[in-house]
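Worksheet for the structure shown next.
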Amino acid sequence: MGAFCIFTIVKPLGMKTLINIFFTTVFVVLLSQVMPGIKVSSWATALLVAVVLGLLNIFVKPVLILLTLPATIFTLGLFLLVINAIIIMLCGELVPGFRVESFWWALLFSLVLSFLQSLVSGLSDRQQSNF
């Protein structure tokens, strides 16, 4: 019965989504250890940060991109880095136990997190193509 409940939760989310949440959680904890401007109180907080970041990227980021389209075009897309930092700072306000000291820490955190996530995504895509 317990396995059935877990399967009904995992199937709609998709295994790839769960793997992304897992790695994002690990990266959030690791980056909080390396970056003094990022504080995470626990692994559970990091998991909540990963989920909230995913939801903010799905629902809030497209609205911000649309509202700031002229600035994004004028800066040849570099303003998207600012939007990513704003999303990180918003997550810091929404998730108790996750603190971002400044905009610059949010910007650096978003750059490194995006880089690490793209590495994992590239490795998992390469692994799937081998099968």
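All of the numbers you see were taken from the coordinates with simple rules; none came from a lab. Treat the numbers as computed from the prediction; the structure is a model and nothing was measured. Backbone-built Cβ (ideal geometry, glycine too); neighbour counts: all protein chains shown.
Taking the Cα centre of the chain as origin and charging only Cβ (+1 Lys, Arg; -1 Asp, Glu), how large is the dipole, in debye to the nearest 20? Please list the in-between numbers first.
Details: 6 positive and 3 negative charges, 39 e Å.
That gives a dipole near 180 debye.
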Shape metrics for the chain, restricted to C-alpha atoms - Rg then Dmax, Å: 16.2, 56
On Cα atoms only, tilt of 15-34 relative to the major axis of the chain in degrees: 50
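Please state, to two decimals, what the Cα-based radius of gyration of region 59-131 comes to when divided by 2.2 N^0.38 Å (N = residues).
Working: Rg = 14.9 Å, N = 73, 2.2 N^0.38 = 11.2 Å.
Taking N as the residue count of region 59-131, the ratio is 1.33.
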Choice from ILE21, ILE83, ILE73 showing the highest fluctuation, given a GNM over the chain with Cα pairs closer than 10 Å: ILE73
Of GLY92, PHE27, LEU108, farthest towards positive along the dipole that unit charges on Lys, Arg, Asp, Glu beta carbons give the chain: PHE27
Residue of VAL112, VAL52, VAL28 that the Gaussian network model of the chain assigns the largest fluctuation, springs spanning Cα pairs under 10 Å: VAL112
Principal-axis tilt of helix 79-94 within the chain, Cα atoms, nearest 10 degrees: 60
CD proxy at 222 nm, helix term only [per DSSP H run n ≥ 4: -39500 (n - 2.57); per residue of the chain; nearest 500]: -26000 deg cm²/dmol
Using alpha-carbon coordinates, inclination of helix 103-129 to the longest axis of the chain, degrees: 40
Separation of alpha-carbon centers, region 23-63 and region 73-94, rounded to whole Å: 15
